[in-house]
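Peer 1: Sharing a structure here in structure tokens format.
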């Protein structure tokens, strides 16, 4: 009977499998409700001809594809010839002369969508100064229909606030993805350039629909091979494919490449031969990829080579590369994720200490790429102290979209609120309102070269991201890169409508699930400011007992500092004094138990187990309750999702349902293992009503995962 | 312009992408021509109800799905109620009583399809003794329509000639596939058992459509982890999914598991604790997977542990495992691919030497699995001398479907003729007609437990096999496992019709391309009996200069034995005398230059460069011409395929076209590098009209492929 149920279940899914397996992402273009179709179709009855440039061709094709799916095949007609024509206008073309459109405000990538009358006929203009803006406008226009908004009287102007909106793929040349949980790299280096997988076009479409305009194809833990002629030719084939979609390709640059593929004995950035190597390499790349974006570099970090190997500085290294790509219009992203294993200093302080002194010394075409927090993409981190601290430097944001520390692909964790929390943080660098978002969009310090990067969660899995809901994290990242002040609840609503459908009986509970999911993960993994408590190496599941190994700051015990007397990392003046890296008002608050938010409590403070939380609970009791609250939230998501079966296609419903069950079990595991471990220090009973862990501590410590993905 | 062409090209493909990307394999079920539809629909108007067993349920669902696609939705009706009912009958059910069907001849897995009259109404009966036969019959019935055959007067009886029709997946638990060129393992161990990818159902459907009834889930280079409780639970989830399709799961067994996961100090097969470990392990597995197939073992081969580590024999090892699974009905596949690095003997002789003496000593539930040739899946090998030499032993065939030595996924090489060549080889063991096929199907020696295994070419690539045409190799393997004497040209025709369409303007040239493709690969890689000339480690491209390393018989020079005086491996009495391992008449012919086929010439003989071939050419000239002939054939395939654009959907046409261009370049590379190398020995000019290699020998030797797949 069990077999039969399984078989029948899978069988029933089969017919739907081709239609709704997640491959289409938020670009499904399924027919709108018949009641709405007529009104849309009237406004989108025809598309005016466009110039056959690559980008306008794909823009028109996308619009046609979208409208065909949503409301029915559009016709072709010139604007003014009939009602309901959509006019795509790139630059001040004759067709839009006299309409008084504010093209000047749109910059190079912005667009406007406006309902106008042309020759007495109702017309929708999607206009931009350059072709790419038109494509962005087309995606926006389609999203209006996808999300059920009226297109009768449009007057939309949208301009990206960040110049470089980037995906970083930690993809190796053998297709293994470091910290990837959605299959192999989508970049099929082996068959490139002879064969370009058509999926590359869909990848470009999806990114363009969000305004993402750059992609780093390979891992920051780089191989020099990526800069050899065969791989440049492969990258060029991808660049050719992505170009119509406004996406530039970038490569990571292994700092020791001059030795590995250049035949030199050094990679010293002040050595003339080394500088000549990089100049020549840049020239070689730009010959094949004229609009190559530039290099992303991880140097002197976690074993990667860098300028410090030669007694030089990050400035020396970054500027050398910047000088190589600069004449071609290229950019160098230099990562601030740097910490030294010879350095006994609190790891959270090292990035600031290394980079802050160099403010103003980097070339104009260098972006210092800073992770959102000072440790490493933990479920929750206070904002990185470098934000606001380098006003004379281009500082770019690095978020992690792939859920290395958040349960891999099988935990439903919507990262929007996490990204938003960082972006909305007030650095106070120039007084109140100096948010991280304003650092990133350049407005705080008047910087022009602005950037936001997301470490991609994209892989060869049919659903791209490993899970249906992880698509939302790619989506929200893209939307925030366009506008770092956008609200992530509204973004979740858009995504849900486009991805699952606009029925409010579905949208409301799904968005509600999503919005609380990150806080739940923090609760069941690392409540109250705890951090870096995961399993060793693979970062899967709880490992609060991790200790030993090559360096203390790769262990859990280093960060929790649990003992019989208390728990937490003192980063106030009595401890590492990391709080002093923030603007005084910010640092003072973090250091003050009366001011610091309890969400960051143990990040900044070491406190006794009986410390009283605002709730009146002791620290121990509050911790235990928070673990349990996280588990309960996942329970709730399971219940909610089960009730949504009538509104979601069977295959995707089943997949999400399976994953939520996995998440439920693993949330329990996180709770139980963490409590079992910390109780050995706290030596206190669990608060009333909180069940004991399901297994002994030894059981949890003995679990091993030799084949975990993404290592 | 180049960009525009590319973009437009890819764009035009996009709409077709969802429909025809190869995912559907040969089970596309696209509508037949309207002119044919009426006749089919009349015969397939309704499906009679079936008992709701798992297998009959999927059989009925498959029939409905197929008919819906091919000719339109069938109705439901009892046989006799109307014309055109299809009646699925498992066992001697009342519905078929009195029809006089020869069920007795069908065995456990055979089926019959017969047009009969029931209650005066034209009815098609698909009958079998067990449910699985009905499912096989359904696939056969659908294939008749797919290939354009009449279904008006059917009288088909089909019974598999081989009992265990097996896929061997060389898939690691981290999803890397050894010698895989089609992405990752389709077995998503990480998410199992919590989530079963719906693709697992399509995998089962595809295999069942060929009659494949067993699959080994993991690599012969095994990890003991696959036998731990978590992985048994994962395998069980797959077994539950595959069961309705008649497919049993098997696991590889690492011989040292008793030490690695059993806490023992030895894996000696005569040690009682070791025997108890395996007994208990088998009991544990069967408790979770009641129809578990058994173990596949690679022991004492290429570094794998085995009984010889304890001074025991293959018989000791295999029989111990056989005793563990035997009470549950399980089987042990023990591989004969064994050669010792301490053994100076010709590697081609070692398998025979190791196993022949044990004939008759293995348990009844042991199958000795023998590769088709004595070295290792080379483009051409004479049949393995063990075939015919162990009449008292169950000998199973191991073919390699994945193209480790045949250009990976981007060379079009249809393996049907290669498999057929081996199966049709006459061992002469019991006189003329003692073909390998008759050894494998058990008829030569009256053996009941018969088996054919294929090393799978299946991976996570959307098209399953890495290329559209590699699907044909999976297909032909399955068809030959059902009937080792089936003709592979007819199979290619069936596959082409089902995969691309039945238009003879397409089918004839495609089948022609396919049928010559393997000989072409032999020509451009290893003509005239040369073997093992590929690149080191990855086995990609030519490496005739490979020498040194840990063992001579892993080098190319060991096998070619080229010198100024000649080339080839003397396996006659003046050499290794491997010919003496064959039946006298066979061995004598191989050893005799007047008798041996030139295709095997240098496999068995070392000959001077001026040796005269039958064509009158010298050996050197003939070699060079054959390399060139192989390249020319690929040229021809490119031309043929380009002309087929009107008959093939754009996306698949483009993919094949891209790959054929890659193959063309690599065939040239093989030719040029091989000629450049061997000319250093032959010191003779190229025959007139044969162009010099494009590059120097040093160029070819310097090529490196650090990120080649499948290693």
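The values are calculated or read from the model by the stated rules, or taken from the named source; none is laboratory data. Note that the coordinates shown come from a computational prediction; the quantities given were computed from them, not determined experimentally. Every residue, glycine among them, receives a Cβ derived from its backbone with ideal geometry; neighbour counts consider all protein chains shown.
Peer 1: Would you mention how many residues in segment B:556-569 are in a loop (DSSP other than H, G, I, E, B) and either surrounded by fewer than 21 Cβ atoms within 10 Å (Cβ to Cβ) or modelled with pLDDT under 95 (or both)?
Peer 2: 3
Peer 1: Additional query: Within segment B:247-270, count every residue that is touching a helix residue (DSSP H, G or I) at 6+ places or on another chain (Cβ under 8 Å), in a loop (DSSP other than H, G, I, E, B) and surrounded by fewer than 23 Cβ atoms within 10 Å (Cβ to Cβ).
Peer 2: Adding up the residues that qualify gives 8.
Peer 1: Of all residues in segment B:363-377, which are within 25 Å of residue B:283 (Cβ to Cβ), in contact with a strand residue (DSSP E or B) (Cβ under 9 Å, 6 or more places away or on another chain) and not in a strand (DSSP E or B)?
Peer 2: Residues satisfying the conditions are B:363, B:365.
Peer 1: Go through segment A:312-362 and count every residue that is in contact with a helix residue (DSSP H, G or I) (Cβ under 8 Å, 6 or more places away or on another chain) and part of a strand (DSSP E or B).
Peer 2: Of the residues in that region, 3 qualify.
Peer 1: Being surrounded by fewer than 20 Cβ atoms within 10 Å (Cβ to Cβ), within 23 Å of residue A:497 (Cβ to Cβ) and either within 9 Å of chain B (Cβ to nearest Cβ) or at pLDDT 50 or above (or both) narrows it down to one of A:14, A:42, so name that one.
Peer 2: A:42
Peer 1: Please count how many residues of segment B:440-460 are at negative phi and over 18 Å from the mean Cα position of the chain (by Cα).
Peer 2: 6
Peer 1: Which of the residues that make up segment A:613-641 are free of Cβ contacts under 8 Å to residues at least 40 places away in the same chain and within 16 Å of residue A:674 (Cβ to Cβ)?
Peer 2: The answer is A:632, and nothing else.
Peer 1: So is residue B:659 crowded, with 16+ Cβ neighbours inside 10 Å, touching a residue at least 24 places away in the same chain (Cβ under 8 Å) and away from every other protein chain (no Cβ under 14 Å) or not?
Peer 2: No; evaluated as a whole, the condition is false for this residue.
Peer 1: Read through the list (1) surrounded by fewer than 23 Cβ atoms within 10 Å (Cβ to Cβ); (2) in contact with a helix residue (DSSP H, G or I) (Cβ under 9 Å, 6 or more places away or on another chain); (3) modelled with pLDDT of 95 or more, then give the number of the only condition that residue A:553 fails.
Peer 2: Only one criterion in (1) surrounded by fewer than 23 Cβ atoms within 10 Å (Cβ to Cβ); (2) in contact with a helix residue (DSSP H, G or I) (Cβ under 9 Å, 6 or more places away or on another chain); (3) modelled with pLDDT of 95 or more is unmet by residue A:553, namely (3).
Peer 1: Out of segment B:665-707, which residues are within 12 Å of chain A (Cβ to nearest Cβ) and either out of contact with any helix residue (DSSP H, G or I) (no Cβ under 8 Å at 6 or more places or on another chain) or buried (at least 20 other Cβ atoms within 10 Å of the Cβ) (or both)?
Peer 2: Within segment B:665-707, B:665, B:666, B:703, B:704, B:705 meet the criteria.
Peer 1: Quick one: which of B:240, B:225, B:202 is within 14 Å of chain A (Cβ to nearest Cβ), touching a helix residue (DSSP H, G or I) at 6+ places or on another chain (Cβ under 8 Å) and buried (at least 21 other Cβ atoms within 10 Å of the Cβ)?
Peer 2: Unique residue meeting the criteria: B:240.
Peer 1: Also, I was wondering about something else. Right, residue B:502: in a loop (DSSP other than H, G, I, E, B) and either surrounded by fewer than 24 Cβ atoms within 10 Å (Cβ to Cβ) or over 18 Å from the mean Cα position of the chain (by Cα) (or both) or not?
Peer 2: In short, yes.
Peer 1: Another one. Quick check, is residue B:187 buried (at least 20 other Cβ atoms within 10 Å of the Cβ), within 14 Å of chain A (Cβ to nearest Cβ) and in contact (Cβ under 8 Å) with a residue 24 or more places away in the chain?
Peer 2: yes
Peer 1: Confirm whether residue B:304 is within 21 Å of residue B:335 (Cα to Cα) and assigned to a helix (DSSP H, G or I).
Peer 2: No, not satisfied.
Peer 1: Here's something else I'd like to know. Any idea which of (1) in contact with a helix residue (DSSP H, G or I) (Cβ under 6 Å, 6 or more places away or on another chain); (2) at pLDDT 95 or above is the one residue B:291 doesn't satisfy?
Peer 2: Every listed condition holds for residue B:291 apart from (1).
Peer 1: Within segment B:578-610, which residues are without any contact (Cβ under 8 Å) to a residue 24 or more places away in the chain and part of a loop (DSSP other than H, G, I, E, B)?
Peer 2: B:592, B:593, B:594, B:595, B:596, B:597, B:610
Peer 1: Which one of A:447, A:462 is farther than 26 Å from residue A:171 by Cβ and modelled with pLDDT of 95 or more?
Peer 2: A:447
Peer 1: Pairs needed: first member in segment B:273-301, in the same structural domain as residue B:370 (by TED's automatic domain parsing) and free of Cβ contacts under 8 Å to residues at least 40 places away in the same chain; second member anywhere, assigned to a helix (DSSP H, G or I) and crowded, with 24+ Cβ neighbours inside 10 Å; C-beta distance under 6 Å; at least 6 residues apart or different chains.
Peer 2: Cβ pairs passing all conditions: B:277/B:258.
Peer 1: Given the structure, is residue B:58 buried (at least 20 other Cβ atoms within 10 Å of the Cβ), within 14 Å of another protein chain (Cβ to nearest Cβ) and at pLDDT below 95?
Peer 2: In short, no.
Peer 1: Kindly evaluate residue B:167 against the criterion of being within 14 Å of chain A (Cβ to nearest Cβ), within 25 Å of residue B:255 (Cα to Cα), in contact with a strand residue (DSSP E or B) (Cβ under 9 Å, 6 or more places away or on another chain) and crowded, with 24+ Cβ neighbours inside 10 Å.
Peer 2: No.
Peer 1: Does any residue of segment B:68-75 turn out to be more than 24 Å from residue B:119 (Cα to Cα) and within 14 Å of chain A (Cβ to nearest Cβ)?
Peer 2: The answer is yes; a qualifying residue exists.
Peer 1: Are any residues in segment B:678-702 under 30 Å from residue A:226 (Cβ atoms) and touching a strand residue (DSSP E or B) at 6+ places or on another chain (Cβ under 9 Å), and if so, which ones?
Peer 2: Listed by number, the list holds a single entry, B:700.
Peer 1: Could you identify the single residue in B:156, B:232 that is in contact (Cβ under 8 Å) with a residue 12 or more places away in the chain and over 24 Å from residue B:262 (Cα atoms)?
Peer 2: Every option except B:156 fails the conditions.
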